[in-house]
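Coordinate-derived values only; no laboratory data. It should be emphasised that the depicted structure is a prediction, and the values quoted were computed from it without experimental measurement. Quick reminder, even Gly has a Cβ in these numbers, built from the backbone with ideal geometry, and neighbours come from all protein chains shown.
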Amino acid sequence: MADVIPYNREEKGAQPPSLYLPYKSTEFRAPKQPLVILPHTLSEVTGPVYGHGRVLPVDADLTKQHAGEPLGERIIVSGKLLDENGRPVPNTLVEVWQCNAAGRYIHARDQHPAPLDPNFSGAGRVVTDAEGNYKFTTIKPGAYPWRNHPNAWRPAHIHFSLFGPSFINRLVTQMYFPGDPLFAFDPIYQGIPDVKARERMVSRFDMENTIPEWALAYRFDIVLRGRNATPMEH
Amino acid sequence: MSKQRFGQTPSQTVGPFFHFGLPYENDSNLIVGDAQGQRIVVEGRVTDGQGEAVPDAMIEIWQANAAGKYDHPEDVQDKPVDSGFHGFGRCATDKDGVFRFQTVKPGAVPGPGNTLQAPHLVTFVFGRGMLKQLLTRIYFEDEAHNANDPVLGLVPEARRATLIARKTNPATYRLDIVLQGEGETVFFDY
């Protein structure tokens, strides 16, 4: 059995530490023992090829999952899934979930005083095409309060879950909106040490993909770990 | 190392509200048909550094089939793929922090060089309060090959038991996941 081709390791500064005390819930959920360095084996460089289940067109339009139209600003979110070498990641599952335009999640544990929207659930799924592109339609989520610190608010965001070509590529992240004044106060956003790397989570306004008299658009490209394309340089 | 052209997108927590976005029907049952091999339940409880149950974690597993074959193009072993078995499973913990998978016991798979890896489940832990997922493995106590497993061999001996599920009845294995503190589970830097 030939040895497998490993993936790149975590990019320093671009990935958060497990313990980041300004985000209070990390205090008792971060390991204290040193991590054991794992060489990538066949178990890590393989993974579920097509995520799970059958993805339907309605899964990619969060505004069409109920009888009526949800309230809020209709947006199209699209982008490309690629690796660090710029290679597209085709045919992989993208899962998204978010709160509604008022900042309320359809979740029993979210009880803050903002209205639910009977026409919006906030969950979607899409598979990237042969060039790694994905696109879905939704409404712009609102900011919402949480109890991490006094008067804490999360900047508006959409949760993303990605698979990619191997289990090692598994990534859960959040997409933010440009210019949000709450970035400076949000310990989840600030949990990424490298200031420039944080900005990779911020979508950009995408005039090209807007639809006149229908929807605004944002673009969010996502970069998964790659493999070293060239042999080791000495 | 060559310089990468594109920087990695950072990881962020799944947060407390993933339950309407990520779980799906039968997500914790990897048996989708007439799967080969021994059918087993793998279960456990996730606790935090205060010994409290973690009711908002999510566990994902990836494993080989009973023959030790991954259903993936990079597994070029001359072994059969099992159409009755799906190697990926997902389970949100319940209010008591408990997760439970229905699966088959995986076969041994190749490791680095000429080594063989004892049967195991590649395991990710996601949760509120976790800015990035944690990687661990679940092995089985009744596998003699654990003693020669190249990955268990990297783990300090005193901590290896945190990766080895105990057999609690003939078809059930249990491994608790301790995020922090006494008996802390071994997590990997990958």
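Between beta-carbons, use under 12 Å as the cut-off and find the net charge around A:Gly72, counting Lys and Arg +1, Asp and Glu -1. So the surrounding residues net to 0.
Taking a ≥ b ≥ c as the square roots of the eigenvalues of the Cα gyration tensor of the stretch B:34-96, is the shape rounded (a/c under 1.5), prolate (a/b larger than b/c) or oblate? Judged from the Cα gyration tensor, the stretch B:34-96 comes out prolate (a/c at least 1.5, a/b above b/c). With a cut-off of 8 Å between alpha carbons and a minimum separation of six or more residues, what is the relative contact order of chain B in percent? After rounding, I find 26 percent.
By other beta-carbon atoms within 10 Å, ranking A:Leu38, A:Leu116 with the fewest at the front produces A:Leu116, A:Leu38.
Once you sort the root eigenvalues of the Cα gyration tensor of the protein assembly as shown as a ≥ b ≥ c, which label holds: rounded (a/c under 1.5), prolate (a/b larger than b/c) or oblate (the other case)? Cα axes put the protein assembly as shown in the prolate bin.
Per residue of peptide A:155-162, the mean number of Cβ atoms on other chains within 10 Å of the residue Cβ is 3.
Of the residues A:Val4, B:Val81, A:Val172, the one with the fewest other Cβ atoms within 10 Å heads the list, and the complete ranking is B:Val81, A:Val4, A:Val172. Charge tally around B:Glu182: other residues with Cβ under 14 Å, Lys/Arg +1 each, Asp/Glu -1 each, net -2. In the stretch A:32-165, Rg over Rh equals 1.05, where Rg is the alpha-carbon radius of gyration and Rh the Kirkwood radius from pairwise Cα distances.
Size check on the stretch B:1-71: the Cα extents along the three principal axes, sorted descending, read 44, 41, 26 Å. Normalised by the number of residues in the stretch B:85-162, the average gap of Cα pairs under 8 Å and 6 or more apart makes the relative contact order 21 percent. Count Lys and Arg as plus one, Asp and Glu as minus one, and take only other residues whose Cβ is under 14 Å from that of A:Arg225; the net charge is then +2. When DSSP beta bridges are restricted to pairs lying wholly in the stretch A:61-208, around 95% turn out antiparallel. Each 5 Å bin from zero up to the one holding the largest Cα-Cα distance in chain A carries the following percent of pairs: 1, 6, 12, 16, 18, 17, 14, 9, 4, 2, 1, 0, 0.
Placing +1 on the Cβ of every Lys and Arg and -1 on the Cβ of every Asp and Glu, with no other charges, gives the protein assembly as shown a dipole of roughly 520 debye about its Cα centre. Classify the stretch B:98-190 as rounded, prolate or oblate, taking a ≥ b ≥ c as the square roots of the eigenvalues of its Cα gyration tensor: rounded when a/c is under 1.5, otherwise prolate if a/b is larger than b/c and oblate if not. Oblate is the answer for the stretch B:98-190, as a/c is 1.5 or above yet b/c matches or exceeds a/b. A Förster radius of 22 Å combined with the Cβ-Cβ distance from B:Arg39 to B:Leu116 puts the calculated FRET efficiency at roughly 0.40. For A:Lys140, a cut-off of 20 angstrom between C-alpha atoms picks up these lysines, skipping any fewer than 8 places away in its own chain: A:Lys64, A:Lys80. As I understand it, the dipole of chain A uses +1 on the Cβ of Lys and Arg and -1 on the Cβ of Asp and Glu, about the Cα centre. Which of A:Thr138, A:His159, A:Pro212 lies farthest toward its positive end? Working it through, the farthest residue towards the positive pole turns out to be A:His159. Look at the dipole of chain B built from charges on Cβ: of B:Asn65, B:Asn26, B:Val122, the Cα furthest out on the positive end belongs to B:Val122.
Taken about its Cα centre, chain A carries a charge dipole of about 560 debye when Lys and Arg each add +1 at the Cβ and Asp and Glu each add -1 at the Cβ.
Packing, taken as the mean count of other beta carbons within 10 Å per residue, orders the peptides A:193-199, B:155-161 from highest to lowest as A:193-199, B:155-161. When the C-alpha to C-alpha distance is required to be over 29 Å, the pairs from B:Lys69/B:Lys167; A:Lys135/B:Lys105; B:Lys95/B:Lys132 that qualify are A:Lys135/B:Lys105.
Only Cα pairs under 8 Å and at least 6 apart count here; give the relative contact order of chain A as a rounded whole percent.
Relative contact order, chain A: 26 percent.
Of B:Thr172, B:Phe88, B:Val41, which is farthest towards the positive pole of chain B's charge dipole, taken about the Cα centre with +1 and -1 on the beta-carbons of Lys, Arg and Asp, Glu respectively? It is B:Phe88. Mean partner shielding of peptide B:21-27, defined as the number of other chain Cβ atoms within 10 Å of each residue Cβ, is 5. Taking every DSSP bridge with both residues inside chain B, close to 80 percent are antiparallel.
Spatial offset of the stretch A:203-224 relative to the stretch A:138-157 amounts to 21 Å, using the alpha carbon center of each. Dipole magnitude for the stretch B:32-108: about 240 debye, using +1 per Lys or Arg Cβ and -1 per Asp or Glu Cβ, origin at the Cα centre.
Among B:54-61, A:100-107, sorting by the average number of other beta carbon atoms lying within 10 angstrom of each residue, highest first, gives B:54-61, A:100-107.
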